[in-house]
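K.L.:
Can you keep this structure in mind? I'll have questions shortly.
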There are 2 protein chains.
Amino acid sequence: MKAKVTVTLKTGVLDPQGKAVQHALGSLGFAGVGEVRQGKLIEVELAETDRTRAGEEVERMCRALLANPVIENYSIELVD
Amino acid sequence: MKAKVTVTLKTGVLDPQGKAVQHALGSLGFAGVGEVRQGKLIEVELAETDRTRAGEEVERMCRALLANPVIENYSIELVD
């Protein structure tokens, strides 16, 4: 089973990387570009085949390592 | 309109960041963790309201700045 974890910054948390992309797009001539936010996508291959247990394990991974729950939100998608 | 751009490394391209996460998960006691790959998620707010034109514009952004088509794949999702 494969887990796709999406980690994004919480609303209100400054995102300098996103700001840099936003300015670069403006410099390249793209008009009408509003806020840009950058997040992470982490794909984890799991030996676990039970959906419920896999979900719980990835949830623990997120809290322990993959995301910083103080400033980041995360969502987990399981793919067979 | 908002565009969600997912940028991932192509198969076969080495991913040291993913490898580091994989080893860290192992060290933390997570068993049965296979390959880990890390990608980027970029959310762009667009003034454009026409779906087709917005898609084309984001496609151009990807080729010009957001992704490196030599080593990365990208996918675009438009959200109203």
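Computed from the coordinates by the stated procedures, all read-outs in this text should not be read as laboratory data. What you see is a predicted model, and the numbers here were worked out from it, not measured in a lab. Cβ placement follows ideal geometry from the backbone for every residue including glycine, while neighbour counts extend to all protein chains displayed.
K.L.:
With each run of n ≥ 4 DSSP H residues scored as -39500 (n - 2.57), what mean residue ellipticity at 222 nm is computed for chain B after dividing by its residue count and rounding to the nearest 500 deg cm²/dmol?
P.N.:
Result for chain B, helices only: -9000 deg cm²/dmol.
K.L.:
For helix A:16-27, what angle does its Cα long axis make with the longest principal axis of chain A, in degrees from 0 to 90 and rounded to 10?
P.N.:
Helix A:16-27 sits roughly 40 degrees off the main axis of chain A.
K.L.:
In square nanometres and to one decimal, what's the mean projected area of the convex hull around the Cα atoms of the stretch A:1-75? Numbers along the way, then the final one.
P.N.:
On the way: hull surface 24.7 nm².
Computed as one quarter of the Cα hull surface, the answer is 6.2 nm².
K.L.:
Something else about it: Rounded to whole Å, how close does chain B get to the rotation axis onto A by Cβ? Give me the residue too, please?
P.N.:
Residue and rounded Å distance to the axis: B:Leu41, 2.
K.L.:
When the Karplus curve 6.51 cos²θ - 1.76 cosθ + 1.60 is applied with θ = phi - 60°, which whole-Hz ³J(HN,Hα) does each residue of the stretch B:29-34 get, with x for Gly and Pro?
P.N.:
x, 7, 8, x, 8, x
K.L.:
Using a Cα distance threshold of under 16 Å, what count of lysine pairs results for chain A when pairs must be 8 or more residues apart or interchain?
P.N.:
Count of close lysine pairs: 4.
K.L.:
Another one. Please find the FRET efficiency linking A:Arg60 to B:Arg63, where r is the Cβ-Cβ separation and R0 is fixed at 45 Å, and quote it to the nearest 0.05.
P.N.:
0.70
K.L.:
Can you tell me how much longer the chain between A:Val70 and A:Ser27 gets when fully stretched, taken as 0.36 nm per residue apart minus their C-alpha distance, in nm with one decimal?
P.N.:
Value of the extension gain: 12.2 nm.
K.L.:
Then there is this: Got a sec? How would B:Leu78, B:Leu14, B:Leu25 order by Cβ neighbour count within 10 Å, fewest to most?
P.N.:
B:Leu14, B:Leu78, B:Leu25
K.L.:
Within a Cβ distance under 12 Å of A:Met1, other residues only, what is the Lys/Arg minus Asp/Glu net charge?
P.N.:
-3
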